[in-house]
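Below: one structure, written as structure tokens.
The values are calculated or read from the model by the stated rules, or taken from the named source; none is laboratory data. Only a predicted model underlies this, so the values are computations on that prediction, with no experimental measurement involved. Here the Cβ positions follow ideal geometry from the backbone for every residue, glycine too, while neighbour counts run over all protein chains shown. Keep in mind that these areas ignore ligands, DNA and RNA; they rest on the heavy atoms of the full protein, side chains included. Shrake-Rupley method; radii C 1.70, N 1.55, O 1.52, S 1.80 Å.
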2 protein chains.
Amino acid sequence: MRDTADLENNGTVLRIALPDGGSARFHAIWLRDNALDPETRDPGNGQRLVTLADIPANTTMSDATTVGEGVSVTFQPERKTVVYPVDWLARHAYDRDLATRQQGWVRDGVSVWDASNGQITRQPLHDLQNDPGALAGWLAAASEFGFAIATEGPVASGALLDVVKLFGFVRETNYGTWFEVRTEVNPTNLAYTGLGLQGHTDNPYRDPVPTLQLLYCLENSAEGGDSILVDGFRVAQALRDENPDGFALLTQYCARFEYAGSEGVCLRARKPMIELTPDGELVAIRFNNRSSAPIVDVPFDKMEAYYAAYRRFGELVDDASMEVAFKMVPGECVLFDNTRLLHARHGYSGEGSRWLQGCYADKDGLLSTLAAATYQSKGAAE
Amino acid sequence: MRDTADLENNGTVLRIALPDGGSARFHAIWLRDNALDPETRDPGNGQRLVTLADIPANTTMSDATTVGEGVSVTFQPERKTVVYPVDWLARHAYDRDLATRQQGWVRDGVSVWDASNGQITRQPLHDLQNDPGALAGWLAAASEFGFAIATEGPVASGALLDVVKLFGFVRETNYGTWFEVRTEVNPTNLAYTGLGLQGHTDNPYRDPVPTLQLLYCLENSAEGGDSILVDGFRVAQALRDENPDGFALLTQYCARFEYAGSEGVCLRARKPMIELTPDGELVAIRFNNRSSAPIVDVPFDKMEAYYAAYRRFGELVDDASMEVAFKMVPGECVLFDNTRLLHARHGYSGEGSRWLQGCYADKDGLLSTLAAATYQSKGAAE
């Protein structure tokens, strides 16, 4: 098969030999739509210049031949010849078995973790600001593990915005550009201050949910008050592995979330606690006991099993075997993926104070900055 | 059945008579989790104070009696008695037939439209800024139809931010807080200036996608250049009704989108063109020929049918029977739902200039402002 390009099915299908063995088929309409010539795609910005309406519905191929490292294809009725690099075709081959993916898969580059293998990536803010390689590595960790910590930053109100500037933009909300997470420990008021918080994602009642959160430490002299992170994707996969039906219920039915605690604010969302793409990729976890509204989209005869799965998910979230814990010191900032990680706080008490500032941002900027850095470091070969 | 509250299934299920006839069942664990007492929910902000771990897994009900307009329920083993208003129970009843919903349903309050019934809501910016009732009506139209126009605003750069302030916050991106949509018509360069743009959603390569877009007109003296909006939900339902299998393909498989046209920017997303919740609600349309990347997540044997559905979707988008068209005048701003509406531009030519400023924002703020206004106008009875 090597070095061959054959037409099948009356010119509607091209079959080529792949560099690593085997072969892959491509449809005429797919190839024509994805043609790489400058009349189809702008060589500068890569954007497509035609719509499907510009491409005849009866498009077929009348000729296909190998030309060096490429395949030359002639389309009819346009009489248009386009060359596709074999490497490009191999990277975009869709003639493969997708059915083996298990529901709840994660995309390439994502590593799920628990207490046994969770690792904390720390990098001084100064290095992130001045060393593109350090920044790329730190963003790669945030993308792979869902979080990373910037250290040795200024102990100054608003300094968290310097961290956001490394990769993107603040998502301003009704809570402001940033918000205060400040609890003064007061012995007369221990009932309020000693409480831990169960692992949760923020703002599940908001659609779109903020996809990143930053928490920047300005004071942390109280006893306890460790920060805890849990990989919600790990929790979801653990639930799936021990109770596939329960996992399916949390993915197939929507929960409801609501927040109306402030004047002029009434936020509501209807989303599953475990969100998958239609083909089963884990894309988001929403879990927050405080803002869960009554669940009314689960059929009556499935509600008890749904609640059992919901309970078990929470037990896994609370399980110390799932968590990474660390105590933040002033000048540190943790950045985490609010669509994947749950964050919690151990209870704290005694004298001292704890003051964090938080803000939201979005993953598009982070992943774009990372991808552009990776692309640039690979050079023009890609 | 009226005025009755009965326990079934060994105290795991409560059945009540509904005010409008019939009955509804509720599970003990659901009722306990959603208890309205001040130990379970904060009376101030409405947030839940307990987690499922605080509620015994073997929760049952030992007693249920009607008390005025409420039902009093006693939970075991906690020996906890909670009263639920019958109205509240009726509003949150989940013991109903959900199976009759057709894939591609839209939520209450959304009205899909085409050229035959699309209506344009216009309101002077001054009224929106000073009359809460006018603002609520305008936001309600934006929520129901996916767009609304503010008129008679200042002809000043950056004035679009005044419109955003009515309901929420700008979503800043790599394109800035806002961006320029400016094309000077120059007869030496007609090839670039006379082009229309196919209906599309913006930034499908961004995740999360900006859920709202604003386009504010500062100059529009060129011939033509009408703005066009198409209800993507209407297009999706039209496709569903004529080709259910094609509709299913566009919902069940992910497309890919990419933009890497600027230095340091490389945005990619993998999402279906027609996004449904797991229970079939239409939640987002992504359609943009310019930034569509090769589709590689559709199985080989479904690719031709996928492309046929994709082509038909585009034909419907291009069909004049789907569109609402209007020519913006300086000082006007159109706000539209970028997860639902497609926007397009008719070609234009001749002397004159066209200058718009655009920005992105999010629906959470819009829907929250609307819901809070609606709630307040209803008063405390709700």
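Some notes on this structure:
- Selection from segment A:330-365 of residues that are of a type outside the set (Asp, Glu), open to solvent by 10 Å² or more (accessible area, probe 1.4 Å) and closer than 12 Å to A:GLY224 by Cα: A:ARG345, A:HIS346, A:GLY347, A:SER349, A:GLY350, A:GLY352, A:SER353, A:ARG354
- Segment B:97-108 - residue that is open to solvent by 50 Å² or more (accessible area, probe 1.4 Å) and in contact (Cβ under 8 Å) with a residue 12 or more places away in the chain and, of those, farthest from B:VAL324 (Cα to Cα): B:ARG101
- Tally, over segment A:258-304, of residues that are at the interface with chain B (Cβ under 7 Å from one of its Cβ atoms) and touching a Gly at 6+ places or on another chain (Cβ under 7 Å): 2
- A:ALA309 open to solvent by less than 30 Å² (accessible area, probe 1.4 Å), within 14 Å of chain B (Cβ to nearest Cβ), closer than 30 Å to B:ASP279 by Cα and not basic (Lys, Arg): yes
- When A:ALA57, A:ALA35 are checked against the criterion of being in a loop (DSSP other than H, G, I, E, B), out of contact with any strand residue (DSSP E or B) (no Cβ under 9 Å at 6 or more places or on another chain) and modelled with pLDDT of 95 or more, a single residue qualifies: A:ALA57.
- Odd one out for B:GLY22, checked against (1) open to solvent by less than 60 Å² (accessible area, probe 1.4 Å); (2) within 13 Å of chain A (Cβ to nearest Cβ): (2)
- Residue match in segment B:200-208 (condition: within 14 Å of another protein chain (Cβ to nearest Cβ), at pLDDT below 95 and not in a helix (DSSP H, G or I)): no
- Identity of the residue in segment A:284-306, of a type in the set (A, V, I, L, M) and over 18 Å from B:GLY280 (Cβ atoms), that ends up surrounded by the most Cβ atoms within 10 Å (Cβ to Cβ): A:ILE285
To keep it simple, each residue is scored yes or no on (1) farther than 20 Å from A:GLU242 by Cβ; (2) among the small types (Gly, Ala, Ser); (3) in contact with a Phe, Trp or Tyr (Cβ under 7 Å, 6 or more places away or on another chain).
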| residue | (1), (2), (3) |
| --- | --- |
| A:ARG311 | no, no, no |
| A:GLY314 | no, yes, no |
| A:MET322 | no, no, no |
| A:LEU335 | yes, no, yes |
| A:HIS346 | yes, no, no |
| A:ARG354 | yes, no, yes |
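- Considering A:ARG15, A:ARG48, A:ARG32, the condition of being open to solvent by 30 Å² or more (accessible area, probe 1.4 Å) and within 14 Å of chain B (Cβ to nearest Cβ) is satisfied by A:ARG15 alone.
- B:PHE75 more than 35 Å from the chain's Cα centre (by Cα), of a type outside the set (S, T, N, Q) and assigned to a strand (DSSP E or B): yes
- Which listed residue, of B:THR59, B:THR74, B:THR40, is open to solvent by 20 Å² or more (accessible area, probe 1.4 Å) and either of a type in the set (Val, Ile, Thr) or within 13 Å of another protein chain (Cβ to nearest Cβ) (or both): B:THR74
- Those residues of segment A:316-328 which are of a type outside the set (S, T, N, Q) and more than 7 Å from chain B (Cβ to nearest Cβ), in sequence order: A:LEU316, A:VAL317, A:ASP319, A:ALA320, A:MET322, A:GLU323, A:VAL324, A:ALA325, A:PHE326, A:LYS327, A:MET328
A quick yes/no check of all residues on (1) assigned to a helix (DSSP H, G or I); (2) charged (D, E, K, R); (3) under 25 Å from A:LYS271 (Cα atoms); (4) modelled with pLDDT of 95 or more:
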| residue | (1), (2), (3), (4) |
| --- | --- |
| B:ALA248 | yes, no, yes, yes |
| B:ARG256 | no, yes, yes, yes |
| B:GLU263 | no, yes, no, no |
| B:ARG268 | no, yes, yes, yes |
| B:GLU275 | no, yes, yes, yes |
| B:VAL283 | no, no, yes, yes |
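- Some residue of segment A:144-155 being of a type in the set (A, V, I, L, M), open to solvent by 40 Å² or more (accessible area, probe 1.4 Å), farther than 21 Å from B:PRO208 by Cα and in the same structural domain as A:GLU219 (by TED's automatic domain parsing): yes
- Taking segment A:31-67 as the range and being closer than 15 Å to B:ASN289 by Cβ and of a type outside the set (D, E, K, R) as the test, the residues that pass are A:ASN34, A:ALA35, A:THR40, A:ASN45, A:GLY46, A:GLN47, A:LEU49, A:VAL50, A:THR51, A:LEU52, A:ALA53, A:ILE55.
- Residue match in segment B:115-130 (condition: under 26 Å from B:THR251 (Cα atoms), touching a residue at least 24 places away in the same chain (Cβ under 8 Å) and either surrounded by 13 or more Cβ atoms within 10 Å (Cβ to Cβ) or touching a Leu at 6+ places or on another chain (Cβ under 6 Å) (or both)): yes
- Close contacts from segment A:313-340, counting a first residue that is in the same structural domain as A:ASP241 (by TED's automatic domain parsing) and on the phi < 0 side of the Ramachandran plot and a second that is among the basic types (Lys, Arg) and buried (at least 20 other Cβ atoms within 10 Å of the Cβ), with Cβ to Cβ under 7 Å and a gap of 6+ residues or different chains, come to A:MET322/A:ARG234; A:ASP337/A:LYS363.
- Subset of segment A:211-237 that is hydroxyl-bearing (Ser, Thr, Tyr) and in a strand (DSSP E or B) - its residue that is surrounded by the most Cβ atoms within 10 Å (Cβ to Cβ): A:TYR216
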